[in-house]
Structure formats: C-alpha cells, structure tokens
Amino acid sequence: MKELRDVIAGVQRAAAAGEPMSLATVVRIEGSAYRRPGARLLIGPEGARVGSISGGCLEADVICQAAAAWRTRAPRLVRYDLRGSEDIVFGFGLGCDGAVEVLVEPLPRGEVPRWMADVGLLLADRKPAVLATALADSPDGGLRLAERRLLRVGAPAPSPACALEPIEPPPALWIFGAGEDTRALASLGHDLGFLVAVVDPSSSRASRERFPRVDRFERRHPGDSLADLPIDARTAVVLMTHRYESDREWLAALATRPAGYVGVLGPRRRTERLRAELARRGVVVGRLFAPAGLDIGAEGPGEIALAILAEITAVLSGREGGHLRDHQGPLHEAVESEVLPATGTDGPWPGAPIESRG
C-alpha cells in the first residue's frame with residue numbers, strides 16, 4: 001500500500017499546484033506479469049512520475065497514452081499482450097509471458113478525486129475496504145469507465161464490469177527497545193511503507209530527535225498491558241531491548257495479541273529459556289521467529305534490519321523467503337476477479353505521532 005499512499009500524496013501536491021496529472025492503473029493480468037493489479041503510475045508534466053506499472057518497459061508507451069487521454073479528457077483501457085510473438089512485434093521485451101490491461105485516465109486539475117481522498121483516510125486509519133473500478137460503461141448507465149466505488153469487505157460489485165481491489169491496512173512495525181540498532185530497523189521499515197512505532201520507557205531514548213521517521217512512540221514499561229494497542233494480523237513485532245527480563249515481560253504481554261509476526265533478537269537458546277520461564281507461569285507463547293531475520297550473513301545494524309524486514313515481508317505475504325530461482329510457476333499470477341478478504345484492525349492508527357504513558 002506504500003505506492004498507493006505515495007500516489008495519493010503526489011496527487012495532493014499536484015492539485016495544490018494546479019498541475020495536470022494522469023493516472024495509469026494495472027487493472028487486470030493474464031498469466032505472469034511484473035506487477036499485480038492495483039499497481040499505479042502517476043504521470044505529471046514532462047513525464048514526472050510516482051509509482052510504476054512494470055519493470056520500466058511499458059512506462060514510455062503509457063506516458064504517450066496518458067498524453068492522449070489528457071488531450072481528449074477521456075479515460076482509455078489499454079491492453080499489452082506480452083506473450084510469444086506479439087511481444088516481439090510490439091517490442092516491449094518484457095518476457096513476462098502474460099497480458100496486462102492498464103486503465104489510463106486524466107485527473108481533474110486542481111483537485112483530489114473523492115475516491116482518492118477517501119482511500120487516503122482509510123489507509124491513515126488502517127481500515128479495510130474494497131475499491132471497485134469500472135472497466136466499461138455499465139448497461140444501466142450507473143457507472144462509466146474509470147468511475148470508482150468504495151465497498152465494504154464482502155459487498156457485491158456494483159457492476160459486472162468492475163475490477164475489485166482490496167484496500168488493506170498498511171503493515172505496522174512495532175519495535176520494543178530504542179537502542180542504536182533499532183534506528184536502522186525503524187528507518188528501513190519506514191522506507192518500505194510500514195507504519196512504525198517504538199516502545200520504550202525512556203523519553204530520551206524514544207524521541208523524535210533519535211527517530212525522526214517514526215510514526216508513533218509509546219513510553220511503556222515491560223509488563224504494561226498492550227491490550228489498547230492496534231496490533232493485528234498485519235502487524236510485525238520485534239523485541240530488541242537487549243534485556244532478558246524486559247523481553248520476557250513483553251512476550252508475556254504479547255501472548256494474547258494477534259500479531260502476524262513476532263521476532264526476538266538473540267540466540268535460539270535464549271529464546272528457549274524465555275519460553276520455558278513463561279510456560280512455568282502458565283503463559284503460552286505462540287510461533288516466534290528467533291533469532292529474528294533471514295539467514296543472509298548479516299553484520300551490523302543495517303544488514304540486520306534488512307534481514308529482519310525481509311523475513312517480516314515474507315511471513316506477512318505467506319512466503320517462505322527462499323531463492324526466487326527455486327520458485328515454481330509465475331511470481332505474480334492472475335487471480336479471479338473477486339472480493340478478497342481484508343484484515344481488520346483493533347483500532348485506528350493516529351495520523352500524528354502520539355506520546356503516551358509517561
């Protein structure tokens with residue numbers, strides 16, 4: 001969802017400046033393709049871009065399509081068939097062995113489309129929905145090409161000719177501990193589109209000066225309740241306090257929370273001891289990733305952060321995190337047009353940093 005948030009921010013900037021913008025959206029694929037439906041490219045004056053719809057092979061033609069759509073003030077649906085001889089004829093050279101349909105549309109100058117503003121609010125509050133995009137004029141005249149409707153999860157499509165895109169809450173990264181190595185993890189997590197929170201009892205350690213890119217701070221002590229925090233299946237938790245007793249108490253507090261990923265820094269034997277102590281207290285700890293991170297030979301805070309976030313991304317995506325060369329079949333396969341389940345949250349994610357529990 002980071003790309004969608006970036007695109008919305010780009011449209012907001014362009015609207016404030018009165019600049020003309022066009023939007024290209026992947027709405028359907030057949031076979032294998034570089035990007036999935038929902039990938040977007042915002043095109044501004046002189047080809048300025050936010051986002052992407054391919055590995056760079058389609059963008060030049062899409063920019064031409066966007067210019068034509070702006071001249072006619074009309075959206076258009078463009079199909080790129082990248083399979084076999086047709087790919088050779090068109091010369092895109094993707095080699096993805098699939099077909100991609102892209103909706104190209106001019107955006108109203110000086111304003112943010114209503115659907116985009118509403119999606120931006122949903123993402124800020126970490127609330128799920130489904131975005132329906134008309135790929136043709138509906139027979140009853142209810143929807144025209146490129147019109148959108150926001151639906152509740154599970155609601156029927158307003159027209160058979162609609163692409164349905166789940167709007168899932170952005171993933172959240174909760175880091176317990178505010179040491180020097182935490183800063184690298186928080187910064188990289190922000191770059192990857194996570195909403196990042198740091199939990200630490202010290203206001204001098206968990207501060208805006210040390211963590212300028214963190215969305216939220218929670219000044220809590222080990223053992224404090226975490227029941228009020230928005231921790232859900234799209235939340236990753238990493239314990240890196242470097243204190244055995246602190247990690248033990250945080251694990252106990254997290255035992256009943258439905259986090260999609262819980263990782264602990266430190267050797268396996270340490271984690272086994274944590275589990276055993278908590279078990280004697282009647283606390284059952286579920287699946288843990290300890291030592292946290294993929295085995296990439298990481299050294300230093302930056303590489304360790306990379307290893308941890310790679311593992312988090314794999315787990316939240318339902319992947320094993322192995323070599324792509326060993327993956328059988330297309331990486332991004334076409335799926336049926338249906339409303340996919342989206343994960344809810346325990347509560348809204350504040351739009352501004354929160355300082356609490358001093």
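Determine, yes or no, whether Thr256 is buried (at least 22 other Cβ atoms within 10 Å of the Cβ) and among the polar types (S, T, N, Q). So Thr256 does not fit the description; no. Take the conditions buried (at least 19 other Cβ atoms within 10 Å of the Cβ) and without any contact (Cβ under 8 Å) to a residue 40 or more places away in the chain and apply them to Ala186. Does it pass? Taking the combined requirement at face value, the residue satisfies it. Here Leu150 meets the list (1) in contact with an Asp or Glu (Cβ under 6 Å, 6 or more places away or on another chain); (2) assigned to a loop (DSSP other than H, G, I, E, B) almost entirely, failing just condition (2).
Among the criteria (1) among the hydroxyl-bearing types (Ser, Thr, Tyr); (2) in contact with a strand residue (DSSP E or B) (Cβ under 8 Å, 6 or more places away or on another chain); (3) modelled with pLDDT under 95, the one Thr256 does not fulfil is (2).
In this structure, Arg144 does not qualify as modelled with pLDDT of 90 or more and part of a strand (DSSP E or B). Those strands (runs of 3 or more DSSP E) of the range 170-241 in which 1 or more residues are among the hydroxyl-bearing types (Ser, Thr, Tyr) and at pLDDT 95 or above occupy 235-239. Of everything in the range 104-116 that's touching a residue at least 60 places away in the same chain (Cβ under 8 Å) and of a type in the set (A, V, I, L, M, F, W, C), which residue is nearest to Ala15 (Cα to Cα)? This residue is Val112. Filtered by the rule that a residue be closer than 30 Å to Gly18 by Cβ and in contact (Cβ under 8 Å) with a residue 40 or more places away in the chain, the range 118-162 gives Val119, Gly120, Leu122, Leu123, Ala124, Asp125, Ala129, Thr133, Leu135, Leu145, Ala146.
Of the numbered criteria (1) surrounded by fewer than 18 Cβ atoms within 10 Å (Cβ to Cβ); (2) of a type outside the set (A, V, I, L, M, F, W, C); (3) touching a strand residue (DSSP E or B) at 6+ places or on another chain (Cβ under 7 Å), the one Gly193 fails is (3).
Just one residue in the set Glu311, Glu245, Glu303 is free of Cβ contacts under 8 Å to residues at least 12 places away in the same chain, assigned by TED's automatic domain parsing to the domain that holds His190 and either part of a helix (DSSP H, G or I) or under 30 Å from Gly154 (Cβ atoms) (or both); that residue is Glu303. When Pro353 is tested against the conditions (1) modelled with pLDDT of 90 or more; (2) within 30 Å of Ser207 (Cα to Cα); (3) assigned to a loop (DSSP other than H, G, I, E, B), the lone failure is (1).
The values are calculated or read from the model by the stated rules, or taken from the named source; none is laboratory data. Values in this document were obtained by computation on a predicted structure and should not be read as measured data. For neighbour counting, all protein chains shown are included, and Cβ atoms are generated from backbone atoms with ideal geometry for every residue, glycine included.
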